[in-house]
Every structure is written in C-alpha cells, then in structure tokens.
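The values are calculated or read from the model by the stated rules, or taken from the named source; none is laboratory data. None of the values given here were measured: they were computed from a predicted structure. All Cβ positions, even for glycine, are placed from backbone atoms using ideal geometry, and neighbour counts span all protein chains on display.
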Amino acid sequence: MQLRRRLAALLLAAALAAAASPAAQSTEPPRPPDRRELLTTHGVDPEAEALAAFLEAGFPPGFTVPPTPELKTQIVLSAIQEAGIGGHRALAPLLQRLAIGEPTPGVRSILERDLERQPIGMHDTVRAGFLRLVVRNATVSLGLLGDPASRPALEQVLAAADEPATRLEAAIALAMTGSGAGLSYVVEAAASDDRPLASAAFQAAYYITARNYGVTSVTSDARLDQHRGQLREWAASDAARGFAPSAPDVRRRRAAGPPAPPAPEPDTLRALLRDTRNPFDQQRRIAARNRLIELRAASLAEFRALAQDVLEDVDIRTEALRWYALVESPRELRRAARRLAKDRDAEVAQLAERLAKGE
C-alpha cells in the first residue's frame, strides 16, 4: 500500500507538471537593473573620479535619491564592484581601506540611511552583515585590479576576516597580484568538515594553481578525503614550495569559472537520477522520472548499489535511496536504511533515518 501511494504521488506530480500551461512555464520575473544602470540612475558616473567621490562622501547634498531600490547600500556595493571590474587602479588605496574594515564617511552615511528603514532591533545584524559585504567586495575588486601594492591589505584580510569565504577571496586576490601567500589557508579550508567551505577551497585551489580536483558541492565526504590527501601531498612537495602563481592565468581562470564536472553517461541510471533534480529544465525532470518509473523494478540492485557507494556524488546517492525505497520490501529497506543512517554524508544519513522509521 505504501509503495502504491508513493508511485501514485510521483505519477501525479509528473502529470500536473506536464499539464502546466507553456505560458506559465516561460514567465520570467522582471529583469533587475544591472550594476552600471544602478549607478547612473543614482547620479554616479561609472568612472574613477565619480566612483571615488561617491564612496568617500555618499550622495551629494540636495541630490534627489530615486525611490528604488529602497535600500541604497546596494549602490555602495555596485560602486565597489565597478571599481574592480572597470580596472580603476587609482581606486586601489580606497579599496584597501574598505577591505581592512575602515568604511569611509560616505559608506557609513548610506548605511545609516538604510538603517532608518529597518526595525531598531535589527540594526546591529544589518550593519555587521553589510560591512562584511563591503570587505568581501573590496577584496574581490583588489584582486581584479591586480596591484602588488595591495598585498599588505589583502594579507590582513586573509588573516583577520570573520568569514572563511572572504579569506578564500583574499587568497585568490593575492594570487591575482602574483602572490601565493594564501595557499596555506586554502589547504586548511579544504580540510574543513563543512562541505560547502571545502568545495569553495578546492575551487580556489584551481584558480590559484590550475590543479582541478573535480570537487563540487555534491562531492561525497569519502571522495573529498581522497582529494584532501592529494592537495596536502602537493602542498608539501618541492613544486609547491617553489610555486608562484601567474597573475594573468589566475585572472583568466577566475573569469571563466571552474571547469564543469563530467556529466554521467546519457540514459544511465546515474544520469536519470541527477536529472530528476535538475532545477532548470522541468521537461527533463519529468522525462527522467517517467523513465525511472519504467525501470524501477529491474533497477533495484543498482539503486541499492548507488545509494551505498560512499564515493558517489551525494545528490545521486540520495535520489538512488529514494527510488530504492519505492521498490524494496519493507523488511530489507529497514535493514539497509539502518546501516545508511550511520553514513558520513549527512543528507544520506538523514534520509535513511527517516526511512528506517517508516516515514
């Protein structure tokens, strides 16, 4: 009975999705204004002199501030981003001050203006969050400028920033000036039990060194351990001790982003399981689910093997476990789920624990 209910729910979800009108599926939200558009509509010309004046002093006296967006701290972040993306090296000293946590009077004035529109009980949280964003954005822009004179400020961010993500940005930014001073922190962050942080650290390692370990946000803990060992081994090698990043190459890799991981072979069970979670293609999700419904009985052993494979990607493991639960007998399912409830991958363990309880 429970199996029939689960299969009926899957088929109903697929039918409802297929019946949705094409017009409704293609509706997109209005396009938000881009960075330069935000700046120009707020009286800030995206050139060095105007950006510096705005970041130093805020909106000029008597300026009529546009009503949208309501919170103007976004304009500050847009100006900081434009300073780096636009290659305005003359702004490097100003960005250095922002990166080490010394906001200008202009930045403070706009922050205080926004705080007036927030409940007083949220002021400390909003202020701290915004100033962290200022530090991170200034750090990224200093990297884009690539000025070796920014290294002391970036090393200060690397050593003292509150957030690990900002420290990783400082490591990348240092490499974009030709310095490998951030590599030791990248190796340290890659060893973290926090999978998103470890994944970001391996991405930073790729940008800095061109060594692609293929780590993504769904890489399993066991697979991560293998790559951590490889990164530590390289970091301890003579090649790493003599390593100096090529600033142009780091900038090129950072602009292009990390290489896409190899996709599963088409129409394999791995590919179908991943497609059921595709957030961008509804028709692909529906087709994958319908195909898995056709294959479910013949694929029990493969579902179980994928769910139990500690080196498999976590998204595939969890989907395999869900489909395994639809076709396995209750007794065998409870037995397998009890074992997987002790799994290192938290997503697998949590799902297995629920299945072991019959949920």
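Things worth noting here:
- Residue in the range 253-268 that is among the acidic types (Asp, Glu), more than 21 Å from Gly178 (Cβ to Cβ), under 23 Å from the mean Cα position of the chain (by Cα) and not in a helix (DSSP H, G or I) present: no
- Screening Pro164, Pro152, Pro148, Pro196 for residues that are closer than 24 Å to Ile100 by Cβ and within 17 Å of the chain's Cα centre (by Cα) leaves exactly one candidate, Pro164.
- Arg339 satisfies every condition listed in (1) at pLDDT 95 or above; (2) crowded, with 17+ Cβ neighbours inside 10 Å; (3) more than 15 Å from Val218 (Cα to Cα) except (2).
- Contacts under 6 angstrom Cβ, first residue in the range 78-105 being under 18 Å from Glu163 (Cα atoms) and surrounded by 18 or more Cβ atoms within 10 Å (Cβ to Cβ), partner modelled with pLDDT of 95 or more and of a type in the set (Val, Ile, Thr), 6 or more apart: Leu98/Val134; Ala99/Val135; Ala99/Thr139; Ala99/Val157
- Qualifying residue in the range 118-131 (condition: within 25 Å of Ala170 (Cα to Cα) and touching a helix residue (DSSP H, G or I) at 6+ places or on another chain (Cβ under 6 Å)): yes
- Qualifying residue in the range 294-312 (condition: surrounded by 17 or more Cβ atoms within 10 Å (Cβ to Cβ), at pLDDT 95 or above and among the β-branched types (Val, Ile, Thr)): no
- Checked against (1) of a type in the set (A, V, I, L, M); (2) under 20 Å from Thr318 (Cβ atoms); (3) part of a loop (DSSP other than H, G, I, E, B), Ala244 meets all criteria but (2).
- Applying the criterion of being in a loop (DSSP other than H, G, I, E, B) and of a type in the set (A, V, I, L, M) to the residues of the range 29-84, the residue that is nearest to Gly143 (Cα to Cα) is Val44.
- Any hit, the range 137-147, residues being assigned to a loop (DSSP other than H, G, I, E, B) and within 20 Å of Gln81 (Cβ to Cβ): yes
- Summed over the range 146-157, the residues that are buried (at least 23 other Cβ atoms within 10 Å of the Cβ) and of a type outside the set (Gly, Ala, Ser) give a count of 2.
- Screening Arg277 on (1) more than 22 Å from Phe303 (Cα to Cα); (2) in a loop (DSSP other than H, G, I, E, B); (3) in contact (Cβ under 8 Å) with a residue 24 or more places away in the chain shows it passes everything except condition (1).
- Scanning the range 278-308 for residues being basic (Lys, Arg) and more than 13 Å from Arg322 (Cβ to Cβ) gives a total of 3.
- Test result for Ala298, assigned to a helix (DSSP H, G or I), closer than 26 Å to Asp225 by Cα and out of contact with any strand residue (DSSP E or B) (no Cβ under 6 Å at 6 or more places or on another chain): no
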